[in-house]
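Scroll down for the structure; my scribbles are underneath it.
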Amino acid sequence: MSLRLSAPSRPDAVVSEAPVVLAPMAGITNPAYRQLCLEQGAGLYVCEMITSRGIVERIPKTFDMLRFAPNETTRSVQLYGVDADVMAKAATILCEEFGVHHIDLNFGCPVPKVTRRGGGGVLPWKRDRLAAILAATVKAADAYGVPVTMKTRMGIDDDHLTYLDAGRIAQDAGVAAIALHGRTVKQAYSGLAHWDAVAKLVDAVDIPVLGNGDIWEASDALRMVEQTGCAGVVIGRGCLGRPWLFRDLADAFAGRATTHLPTLGEVAAMVRRHAVLLAELQGERWGLTDLRKHMAWYFKGFPVGGDIRRNLGLVSSLADLDAQLERLDPDVPFPVEALGEPRGRQGTPRERVICPQGWLDTRELGDEDLSAAESDVSGG
């Protein structure tokens with residue numbers, strides 16, 4: 001995907017080759033899974049979220065996350081931070097030392113340990129801090145010709161929406177594109193995403209808007225573009241256990257009909273490929289342990305016996321995995337009833353969003369120190 005994003009020519013236009021972005025997910029979008037997804041389709045694949053302080057302070061764990069797959073010709077990093085100066089320094093390090101081609105800023109995290117300190121999805125409520133962070137990061141990255149994008153949510157809750165202000169601030173700061181998850185922080189991952197908010201943001205700004213939320217199949221992405229006029233889509237939970245979704249998306253946006261759904265044997269082959277990539281990345285034992293959490297997503301809807309499912313959730317070697325995959329009937333067709341079924345985090349709306357004392361009293365923050373909102377959140 002070219003990083004020179006362009007918006008549709010009219011609000012109801014369907015983009016023939018719309019940008020497709022794999023959103024970072026903690027413990028999921030490591031180099032192995034990004035490589036697997038890249039082998040399936042076209043688009044931009046963002047690494048797991050990394051904190052600016054972790055980069056500036058050169059914390060080994062943070063630097064270890066800055067690894068890229070061999071086929072990642074475009075190095076894309078999602079950066080999180082709450083201090084403009086630190087974000088600028090981190091952007092400089094990413095561009096100068098790691099040769100990053102794209103930086104995405106995350107202002108959408110709904111995790112209470114982050115929001116209670118003023119970070120994540122509640123930070124855009126403070127317009128001055130958001131503007132300072134965006135301007136400083138864009139300026140630092142621009143020195144290397146690296147575009148900066150941002151992702152946010154609709155707001156804290158229905159009474160404290162921030163996305164339209166955030167879009168205008170992003171545009172004024174020189175941000176290349178903005179991605180909107182059509183949920184509030186209070187919703188977390190529950191309920192339905194509000195695609196109408198994506199459409200309103202498209203109308204409010206002149207920079208490209210990417211839509212995010214409830215895209216489980218390629219047809220969902222096409223509907224989002226048709227309904228909202230967004231310039232592309234961001235895929236998060238939709239790719240869990242479905243790396244071939246990116247192949248379908250590339251075909252759909254290029255106007256090619258995609259009718260092939262993988263058989264159980266083809267899914268098993270995908271799992272095996274994923275296992276090999278994880279073993280190369282982390283070693284066989286830890287790589288196969290990491291694979292366990294993907295099993296339910298890969299085989300959702302397939303008639304896989306309970307015994308096999310249990311054993312797949314306990315694999316610790318390629319030999320263990322092969323023994324279980326060999327028990328599957330490779331000719332079983334894809335369960336069409338599983339199409340569009342949610343995967344990953346869901347849950348219920350939060351009773352309330354926990355923010356710092358007096359957070360909602362004013363839209364300005366001033367020089368208040370929010371560094372506590374950045375500790376221990378690398379990886380999402």
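Please work out if Val185 is more than 21 Å from Met25 (Cα to Cα), surrounded by 22 or more Cβ atoms within 10 Å (Cβ to Cβ) and under 20 Å from the mean Cα position of the chain (by Cα).
Values: more than 21 Å from Met25 (Cα to Cα): no; surrounded by 22 or more Cβ atoms within 10 Å (Cβ to Cβ): yes; under 20 Å from the mean Cα position of the chain (by Cα): yes.
In short, no.
When you go through Leu314, Leu321 one by one, which is the residue that is of a type in the set (A, V, I, L, M) and not in a helix (DSSP H, G or I)?
Leu314
Residues being of a type in the set (A, V, I, L, M) and closer than 15 Å to Leu192 by Cα: count how many of those fall in segment 222-234. Before the answer, list the steps.
Going through segment 222-234, the residues of a type in the set (A, V, I, L, M) turn out to be 222, 224-225, 231, 233-234.
If we keep only those that are closer than 15 Å to Leu192 by Cα as well, we get 224.
Matching residues across segment 222-234 total 1.
Looking at segment 109-152, which of its residues are among the basic types (Lys, Arg), in contact with a Gly (Cβ under 9 Å, 6 or more places away or on another chain) and farther than 18 Å from Glu374 by Cβ?
Lys139
For segment 253-266, indicate whether the set of residues that are in a helix (DSSP H, G or I) and at pLDDT below 90 is non-empty. Working first, answer last.
At the first step, the residues of segment 253-266 found to be in a helix (DSSP H, G or I) are 253, 264-266.
If we keep only those that are at pLDDT below 90 too, we end up with 253.
Checked segment 253-266: at least one residue is in a helix (DSSP H, G or I) and at pLDDT below 90.
So Arg273 clears everything in (1) within 28 Å of the chain's Cα centre (by Cα); (2) outside the structural domain of Val111 (by TED's automatic domain parsing); (3) part of a loop (DSSP other than H, G, I, E, B); (4) surrounded by 13 or more Cβ atoms within 10 Å (Cβ to Cβ) except one condition, right? Which one?
It fails just one condition, (3).
If you scan segment 42-58, which residues turn out to be surrounded by fewer than 21 Cβ atoms within 10 Å (Cβ to Cβ), touching a helix residue (DSSP H, G or I) at 6+ places or on another chain (Cβ under 8 Å) and more than 17 Å from Ala250 (Cα to Cα)?
Val56
Can you tell me which residue among Val100, Val21 is crowded, with 20+ Cβ neighbours inside 10 Å and either assigned to a loop (DSSP other than H, G, I, E, B) or of a type in the set (S, T, N, Q) (or both)? Before the answer, list the steps.
Details: Val21 fails: either assigned to a loop (DSSP other than H, G, I, E, B) or of a type in the set (S, T, N, Q) (or both).
Result: Val100 is the single residue among Val100, Val21 that is crowded, with 20+ Cβ neighbours inside 10 Å and either assigned to a loop (DSSP other than H, G, I, E, B) or of a type in the set (S, T, N, Q) (or both).
Results for (1) farther than 30 Å from Thr62 by Cβ; (2) touching an Asp or Glu at 6+ places or on another chain (Cβ under 8 Å); (3) not small (Gly, Ala, Ser), shown as yes or no for each residue.
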| residue | (1), (2), (3) |
| --- | --- |
| Gly306 | yes, no, no |
| Arg309 | yes, no, yes |
| Leu312 | yes, no, yes |
| Gln324 | yes, no, yes |
| Arg343 | no, no, yes |
| Gly347 | no, no, no |
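Can you name the residue in segment 215-230 that is in contact with a strand residue (DSSP E or B) (Cβ under 6 Å, 6 or more places away or on another chain) and not in a helix (DSSP H, G or I) and, of all such residues, is nearest to Glu337 (Cα to Cα)? Spell out the reasoning first.
Going through segment 215-230, the residues in contact with a strand residue (DSSP E or B) (Cβ under 6 Å, 6 or more places away or on another chain) turn out to be 215, 221, 224, 228, 230.
After this cut, where a residue has to be not in a helix (DSSP H, G or I) as well, the list is 215, 230.
Working: Ile215: 16, Cys230: 28 Å.
Ranking the qualifying residues of segment 215-230, first place goes to Ile215.
Residue pairs, Cβ under 8 Å, 6 or more apart or interchain, first in segment 367-380 and under 13 Å from Arg53 (Cα atoms) and at pLDDT below 90, second of a type in the set (Phe, Trp, Tyr) and surrounded by 15 or more Cβ atoms within 10 Å (Cβ to Cβ). List them.
Glu374/Tyr80; Val377/Tyr80; Ser378/Tyr80
Please go through segment 151-182 and give me each residue that is polar (S, T, N, Q) and surrounded by fewer than 19 Cβ atoms within 10 Å (Cβ to Cβ), ordered by number. If you could, list the steps in order and put the result at the bottom.
Start the filter on segment 151-182 by keeping residues that are polar (S, T, N, Q), which leaves 152, 162, 171.
Once the filter is applied, which keeps residues that are polar (S, T, N, Q) and surrounded by fewer than 19 Cβ atoms within 10 Å (Cβ to Cβ), segment 151-182 yields only Gln171.
For segment 117-214, which fully contained helices (runs of 4 or more DSSP H) count at least 3 residues that are under 21 Å from Arg237 (Cα atoms)?
It comes to 195-204.
Looking only at segment 78-97, count how many residues are touching a residue at least 60 places away in the same chain (Cβ under 8 Å) and buried (at least 24 other Cβ atoms within 10 Å of the Cβ).
3
Take Leu105 and decide whether it is farther than 20 Å from Met25 by Cβ, out of contact with any Asp or Glu (no Cβ under 6 Å at 6 or more places or on another chain) and not hydroxyl-bearing (Ser, Thr, Tyr). Outline the logic, then answer.
Details: farther than 20 Å from Met25 by Cβ: no; out of contact with any Asp or Glu (no Cβ under 6 Å at 6 or more places or on another chain): yes; not hydroxyl-bearing (Ser, Thr, Tyr): yes.
No.
Could you say whether any residue in segment 51-58 is in the same structural domain as Ala135 (by TED's automatic domain parsing) and either under 21 Å from Val233 (Cα atoms) or part of a strand (DSSP E or B) (or both)? Explain how you work it out, then say what you get.
Step one: filter segment 51-58 for residues in the same structural domain as Ala135 (by TED's automatic domain parsing), giving 51-58.
Within this subset, residues satisfying the condition of being either under 21 Å from Val233 (Cα atoms) or part of a strand (DSSP E or B) (or both) are 51.
The answer is yes, given that some residue of segment 51-58 is in the same structural domain as Ala135 (by TED's automatic domain parsing) and either under 21 Å from Val233 (Cα atoms) or part of a strand (DSSP E or B) (or both).
So for segment 287-296 (the condition being touching a residue at least 12 places away in the same chain (Cβ under 8 Å) and outside any helix (DSSP H, G or I)), does at least one residue qualify?
Within segment 287-296, the first condition is being touching a residue at least 12 places away in the same chain (Cβ under 8 Å), and the residues that meet it are 287-296.
Going one step further and asking which of them are outside any helix (DSSP H, G or I), we end up with none.
The answer is no; no qualifying residue exists.
State all residues of segment 224-253 that are of a type in the set (Lys, Arg) and more than 16 Å from Leu180 (Cα to Cα); if no residue qualifies, say none.
Looking only at segment 224-253, we keep the residues that are of a type in the set (Lys, Arg), and these are 237, 242, 247.
Arg242, Arg247, listed by residue number.
The values are calculated or read from the model by the stated rules, or taken from the named source; none is laboratory data. Just so you know, these numbers come straight off a predicted model, no measurement behind them. Counting neighbours? That spans all protein chains shown, and the Cβs are built from the backbone with ideal geometry, glycine included.
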